[in-house]
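Enquirer: Handing you a structure now.
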Amino acid sequence: MLKLIKELFDGDRLIIQALVGQVSQGTNKSGSPYLNVELRDSSGALPSKKWEVEDEDKDIFVTGNIVEVMIEVIKYNDALQGKIINAKLLNSDEIDVERFIKAPPIKKEILIERFNKLVNSVKDKDCKAILDYFINKFGEKIYVSPAASSVHHEFSSGLLMHSVALAEHADYFSHYYPDINRDLIVTGALIHDFGKMIELEGPAVFHYSLEGKLLGHISIMCGELRIAAKELGITSEIPLLLEHIVLSHHGQMEFGSPVLPLTREALLISMIDNLDSKMLVLDKAYEEVKPGEFTQKVYPLDGRSFYKMK
């Protein structure tokens, strides 16, 4: 029986099936190319290298592909990594997709219940119309899609979990800051990343679509809001304010937002979006760490190593 990544040990030489995550090319001291390949399954990820690059590797090691790999497992800097000996693409009839999709920390059914409660709590007619429009448009994809190909919320239902978390945070803070438009901020929190359902595609939803590569989820969702407002005949400023939330939710231009937050609601969304993503990045880093130890360097958090309390 094929092992999962979490079942691998230093010194193993074996065949595994894995989803290809992030891929990059490097050059060794002699000037020859090699590949950095993230191998993933439902149990975790294994950073790996293929030192001898063949012509066919450019078609095999593509983000989103599912492959059968012969690897050697070694320990380097107190962490396991794989040395790829050879690999081949798997046919669709050879793939059990569930093997490669990480389950969410919270059950999907519970997240759907919380999502529906938030949607039904929105009283503003334009906000509710826009929510209903996108629920009808995207359907089941809202409940199963990841929120990223890696880094954070990259698991099944990750988008739903992230959206619900932001909306519940937004609802909580709206009680402390009464000038905030509660329905606007909850709606913005729920839909801010819906463009990722167009940005990401594939059998295990880890592959960037053409639109995703050329436009990105922020631009995609801004366009979707324009279309929704036109089809729904909304003439209020609600769609424009929601577009601003989407465009500014990364908080800073160097992080991918084309504009900075310029409303109270957009500012709060950008802050809690950053909070939720950073907490999930840290949760991921802690998974392989015992109490009383430090994590490996967490590059999305300035390369710091974090202590896990006993």
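Enquirer: Tell me the residue from Met221, Met197 that is of a type in the set (A, V, I, L, M), closer than 23 Å to Met161 by Cβ, in the same structural domain as Asn116 (by TED's automatic domain parsing) and in contact with a Gly (Cβ under 8 Å, 6 or more places away or on another chain), please. Before you say what the answer is, go through the steps one by one.
Expert: On the way: Met197 fails: in contact with a Gly (Cβ under 8 Å, 6 or more places away or on another chain).
Met221 is the lone residue from the list that is of a type in the set (A, V, I, L, M), closer than 23 Å to Met161 by Cβ, in the same structural domain as Asn116 (by TED's automatic domain parsing) and in contact with a Gly (Cβ under 8 Å, 6 or more places away or on another chain).
Enquirer: Looking only at region 39-60, how many residues end up being assigned to a strand (DSSP E or B) and at pLDDT 90 or above? Talk me through it step by step, then tell me what you get.
Expert: So the first thing to find is which residues in region 39-60 are assigned to a strand (DSSP E or B), and the list is 39-41, 44-50.
The next check asks that each one be at pLDDT 90 or above; those that pass are 39, 46-50.
Number satisfying all stated conditions: 6.
Enquirer: Here's another thing I want to ask about it. State the number of residues belonging to region 274-291 that are part of a loop (DSSP other than H, G, I, E, B) and touching a strand residue (DSSP E or B) at 6+ places or on another chain (Cβ under 8 Å). Spell out how you get there, then give the answer.
Expert: So the first thing to find is which residues in region 274-291 are part of a loop (DSSP other than H, G, I, E, B), and the list is 287-291.
Within this subset, residues satisfying the condition of being touching a strand residue (DSSP E or B) at 6+ places or on another chain (Cβ under 8 Å) are 287-288.
Adding up the residues that qualify gives 2.
Enquirer: Further, regarding this structure: Check Tyr177 against each of (1) without any contact (Cβ under 8 Å) to a residue 60 or more places away in the chain; (2) surrounded by fewer than 19 Cβ atoms within 10 Å (Cβ to Cβ) and name the one condition it does not meet.
Expert: For Tyr177, the exception is condition (1).
Enquirer: Search region 279-290 for residues that are crowded, with 17+ Cβ neighbours inside 10 Å and pair each with any residue that is hydrophobic (A, V, I, L, M, F, W, C) and modelled with pLDDT of 85 or more when their beta-carbon atoms are under 6 Å apart and the residues are at least 6 apart or on different chains.
Expert: Ala285/Val298
Enquirer: So which residues in region 182-233 are of a type in the set (Asp, Glu) and over 30 Å from Ile66 (Cβ atoms)?
Expert: Of everything in region 182-233, those that are of a type in the set (Asp, Glu) and over 30 Å from Ile66 (Cβ atoms) turn out to be Asp183, Glu231.
Enquirer: Let me ask another. Which number in (1) assigned by TED's automatic domain parsing to the domain that holds Cys127; (2) loosely packed, with under 12 Cβ neighbours inside 10 Å; (3) of a type in the set (Gly, Ala, Ser) marks the one condition that Ala266 misses?
Expert: Of everything listed in (1) assigned by TED's automatic domain parsing to the domain that holds Cys127; (2) loosely packed, with under 12 Cβ neighbours inside 10 Å; (3) of a type in the set (Gly, Ala, Ser), Ala266 misses just condition (2).
Enquirer: Still on this structure, please answer the following. Answer yes or no: is there a residue in region 61-73 that is surrounded by 12 or more Cβ atoms within 10 Å (Cβ to Cβ), in contact with a Gly (Cβ under 8 Å, 6 or more places away or on another chain), part of a strand (DSSP E or B) and of a type in the set (S, T, N, Q).
Expert: Here is the first cut: in region 61-73, the ones surrounded by 12 or more Cβ atoms within 10 Å (Cβ to Cβ) are 61-73.
From what is left, the residues that are in contact with a Gly (Cβ under 8 Å, 6 or more places away or on another chain) are 63-64, 69, 71-73.
In the following step, the residues that additionally are part of a strand (DSSP E or B) were identified as 69, 71-73.
Then keep just the ones that are of a type in the set (S, T, N, Q); that gives none.
Within region 61-73, none of the residues are surrounded by 12 or more Cβ atoms within 10 Å (Cβ to Cβ), in contact with a Gly (Cβ under 8 Å, 6 or more places away or on another chain), part of a strand (DSSP E or B) and of a type in the set (S, T, N, Q).
Enquirer: From Arg13, Arg40, grab the single residue that is surrounded by fewer than 19 Cβ atoms within 10 Å (Cβ to Cβ) and either touching a residue at least 24 places away in the same chain (Cβ under 8 Å) or closer than 19 Å to Lys284 by Cα (or both).
Expert: On the way: Arg40 fails: surrounded by fewer than 19 Cβ atoms within 10 Å (Cβ to Cβ).
Result of the check over Arg13, Arg40: Arg13.
Enquirer: Looking only at residues in region 216-256 that are buried (at least 17 other Cβ atoms within 10 Å of the Cβ), more than 17 Å from the chain's Cα centre (by Cα) and part of a loop (DSSP other than H, G, I, E, B), which one is modelled with the highest pLDDT?
Expert: Filtering region 216-256 for residues that are buried (at least 17 other Cβ atoms within 10 Å of the Cβ), more than 17 Å from the chain's Cα centre (by Cα) and part of a loop (DSSP other than H, G, I, E, B), the one modelled with the highest pLDDT comes out as Ile234.
Enquirer: State whether one or more residues within region 84-102 are touching a Lys or Arg at 6+ places or on another chain (Cβ under 6 Å), surrounded by fewer than 19 Cβ atoms within 10 Å (Cβ to Cβ) and either under 25 Å from Gly212 (Cα atoms) or not polar (S, T, N, Q) (or both).
Expert: Taking region 84-102 first, the residues touching a Lys or Arg at 6+ places or on another chain (Cβ under 6 Å) are 84.
Within this subset, residues satisfying the condition of being surrounded by fewer than 19 Cβ atoms within 10 Å (Cβ to Cβ) are none.
No, the conditions are met nowhere in region 84-102.
Enquirer: Additional query: Specify the residue that is nearest to the chain's Cα centre (by Cα); the eligible residues are those in region 16-33 that are surrounded by fewer than 16 Cβ atoms within 10 Å (Cβ to Cβ) and outside any loop (DSSP other than H, G, I, E, B).
Expert: Gln22
Enquirer: Still on this model: Select from region 257-267 the residues that are assigned to a helix (DSSP H, G or I) and either within 25 Å of Val298 (Cα to Cα) or among the basic types (Lys, Arg) (or both) and list them in ascending order. Before you say what the answer is, go through the steps one by one.
Expert: From region 257-267, those assigned to a helix (DSSP H, G or I) are 264-267; that's our starting set.
Of everything in region 257-267, just one residue is assigned to a helix (DSSP H, G or I) and either within 25 Å of Val298 (Cα to Cα) or among the basic types (Lys, Arg) (or both), namely Arg264.
Enquirer: Using the structure shown, decide if Lys310 is basic (Lys, Arg), more than 20 Å from Leu190 (Cα to Cα) and touching a strand residue (DSSP E or B) at 6+ places or on another chain (Cβ under 9 Å). First the steps, then the outcome.
Expert: Numbers: basic (Lys, Arg): yes; more than 20 Å from Leu190 (Cα to Cα): yes; touching a strand residue (DSSP E or B) at 6+ places or on another chain (Cβ under 9 Å): no.
No: the conditions fail for Lys310.
Enquirer: Scan region 74-83 for residues that are in a loop (DSSP other than H, G, I, E, B) and either at pLDDT 90 or above or closer than 15 Å to Ile5 by Cβ (or both) and report the count. Walk me through it before giving the result.
Expert: Initial filter on region 74-83 (in a loop (DSSP other than H, G, I, E, B)): 77-78.
Okay, now just the ones that are also either at pLDDT 90 or above or closer than 15 Å to Ile5 by Cβ (or both), so none.
Summing the residues that are in a loop (DSSP other than H, G, I, E, B) and either at pLDDT 90 or above or closer than 15 Å to Ile5 by Cβ (or both) in region 74-83 gives 0.
Enquirer: Of the residues Tyr307, Tyr299, only one is at pLDDT 95 or above, at negative phi and outside the structural domain of Leu241 (by TED's automatic domain parsing); which?
Expert: The unique qualifying residue is Tyr307.
Enquirer: Determine whether Glu72 is more than 30 Å from Lys213 (Cα to Cα) and not basic (Lys, Arg).
Expert: On the way: more than 30 Å from Lys213 (Cα to Cα): yes; not basic (Lys, Arg): yes.
Here the answer is yes, as Glu72 does meet what is asked.
The values are calculated or read from the model by the stated rules, or taken from the named source; none is laboratory data. Please read all numbers here as calculations on a predicted model, not as lab measurements. Note: ideal-geometry Cβ built from the backbone for every residue, glycine included; neighbour counts use all protein chains shown.
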